[in-house]
Amino acid sequence: MGATVSELTNRLVAGLPEGAVVVDPAVTGAYRHDMAGFCEAGEPAVLVFPRTVEEVQHVLRTASELRVPVVPQGARTGLSGGANAVAGCILLSLVKMDRILELDPVNRIAVVEPGVVNAALSRAAEERGLAYPPDPSSWESCTIGGNIGTGAGGLCCVKYGVTSEYVLGLEVVLADGRLLRTGRRTAKGVAGYDLTRLFVGSEGTLGVVVGAVLALRPAPAPQLALAAEFPSTAAACAAVNAVTEAGFTPSLMELMDSVVVAAVNRFGRMGLPESTRALLLVAFDGPERARELAEVARLCRAAGATEAVPAEDQAESELLLQARRLALTAMDSLGTTMVDDVAVPRSRLAEMLAGVARIAEGCGLTIGVVSHAGDGNTHPVVAFDAKDPDQVARAMRSFEEIMALGLELGGTITGEHGVGLLKREWLARELGPVGLELQKQMKGLFDPLGILNPGKLF
């Protein structure tokens with residue numbers, strides 16, 4: 001960085017309101033990183049809280065003129081280090097740009113700022129008889145800007161898809177401060193290159209999202225769920241395949257292995273049988289949901305389920321789904337955790353789970369898997385003692401082996417958490433040399449000075 005911290009601060013203060021620029025190390029230090037482990041974080045020069053597009057433009061112009069790196073941030077609930085500070089950077093927190101600007105039930109769109117919390121948008125849409133389906137596990141705190149940056153998913157992806165399928169248009173401040181508008185407000189539109197999709201999942205490396213036009217859907221009926229207990233993960237995966245092959249599209253299909261089931265039992269006192277080696281949760285929200293659940297229960301029993309119990313009403317369904325919502329918190333109670341995010345073809349899910357069990361045994365660690373089984377997205381959770389160097393080393397080894405297994409099975413290193421710092425090396429392996437080079441060239445086109453979230457992705 002050519003400029004001094006005082007020069008940078010003075011330039012930023014000149015175009016931002018009082019209180020928007022923070023240099024107190026006690027405050028900036030709290031914003032240095034997201035929720036990922038094993039990811040370095042530098043000391044930022046300054047933390048800024050813009051409230052308008054023009055203020056973001058001022059920050060980016062200043063950063064470009066002074067050659068200062070900029071790290072955009074949302075709620076910092078990410079699990080890949082994508083929001084971690086680099087030395088001497090401007091931390092650009094967008095959490096105060098939190099307005100829902102428009103909610104249109106005729107065109108079924110919402111226009112929002114990046115700091116809008118996912119759950120807040122979902123509730124606002126629900127009041128108008130609509131739904132914003134993407135629902136990451138952190139939906140009560142994560143922001144739409146962060147969801148767009150990482151291409152977030154959630155529990156309902158099996159039926160409704162991920163964030164990228166709901167982003168119709170964007171407003172993006174580029175590295176030099178120019179404002180770019182991409183996409184559309186219409187139901188259809190194919191004019192030019194699809195720059196909107198390019199920015200979704202780009203983790204703040206191409207520009208700073210300051211507004212989004214999002215597609216909404218009619219609000220579905222309340223979910224009805226069932227819980228099916230299996231003697232093995234292989235049997236549970238066979239049931240997943242049978243449900244899909246039979247033509248059903250559940251609104252949710254989640255699988256927990258025996259490690260996660262045991263952790264949830266201890267933490268939440270759920271009363272699940274200790275003999276359960278895998279728990280499959282399936283839900284439907286369509287008009288025929290009771291009939292569909294009954295048929296899925298039959299398919300689960302045919303695949304080897306020892307129990308397959310449909311809920312009788314919404315309240316009982318919510319009780320069943322509470323076990324899934326407790327999964328990561330329950331695993332956290334076992335020690336330090338590292339959450340992976342590997343997606344494989346649905347037909348190879350059983351191989352993935354079996355492979356993770358072998359890796360856990362080989363590394364001598366507790367690894368539980370919770371999976372969005374309907375789309376093959378697995379979250380192996382490695383539990384270890386962060387104060388024990390040997391366990392830390394084994395945890396890192398298991399993490400690497402899990403990602404290698406995912407690629408070997410025809411999958412991807414991340415289904416919804418992003419690459420960030422944590423998986424840079426693995427992104428190169430997945431893309432291959434030609435794909436990697438083209439993506440780097442694209443980065444250079446949008447950010448020729450390399451100031452936007454440097455060190456992330458590549």
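Any read-out appearing in this document is the output of simple, stated calculations on the displayed coordinates, not a laboratory observation. From a predicted model like this one, the values you see are computed outputs, not experimental measurements. Note that we place each Cβ from the backbone using ideal geometry, even for glycine, and neighbour counts take in every protein chain shown.
Brief remarks on what is shown
- Debye equation applied to the C-alpha atoms of the range 300-400, log10 I(q)/I(0) at 0.25 Å⁻¹: -1.31
- E102 paired with D194, simple spin-label distance in nm, labels 7 Å along Cα-to-beta-carbon: 2.3
- Angle in degrees between helix 314-325 and the longest Cα principal axis of the chain, rounded to the nearest 10: 70
- Cα long-axis angle, helix 53-66 against the chain (0 to 90 degrees, to the nearest 10): 60
- Positive minus negative residues near I413 (Lys, Arg vs Asp, Glu; Cβ under 12 Å): -4
- Scaled radius of gyration (Cα, divided by 2.2 N^0.38 Å) that the range 232-285 gives: 1.23
- Alpha-carbon Debye profile of the chain, log10 I(q)/I(0) at 0.06, 0.09, 0.10, 0.11 Å⁻¹: -0.27, -0.60, -0.74, -0.90
- Prolate/oblate/rounded call for the range 343-454, Cα gyration tensor, a/c under 1.5 rounded: oblate
- Hull volume per residue, based on the alpha-carbon atoms of the range 72-188 and their convex hull, is 111 Å³.
- Gain upon complete extension [D390, L445; 0.36 nm per residue less C-alpha separation]: 15.5 nm
- Estimated FRET transfer efficiency when R0 is 30 angstrom, pair E295-R325 (beta carbons, to 0.05): 0.75
- Note on the chain: helix-only mean residue ellipticity at 222 nm, from DSSP H runs of 4+ residues weighted -39500 (n - 2.57) and normalised by residue number, equals -11000 deg cm²/dmol.
- Gain on full stretching of the segment that runs from A30 to S275 - 0.36 nm per residue minus C-alpha separation: 83.9 nm
- The convex hull defined by the C-alpha atoms of the range 122-191 has an orientation-averaged projected area of 6.2 nm².
- For the range 385-444: span of alpha carbons on each principal axis (Å, largest first): 41, 27, 20
- Calculated log₁₀ intensity ratio I(q)/I(0) where the Debye formula runs over C-alpha points of the range 150-268, q = 0.17, 0.19 Å⁻¹: -0.94, -1.04
- Extension gain, E425 back to A14 (0.36 nm per residue minus Cα-Cα distance, nm): 144.0 nm
- Tally of Lys pairs whose C-alpha atoms are under 29 Å apart, taken over the chain, 8 or more apart or cross-chain: 12
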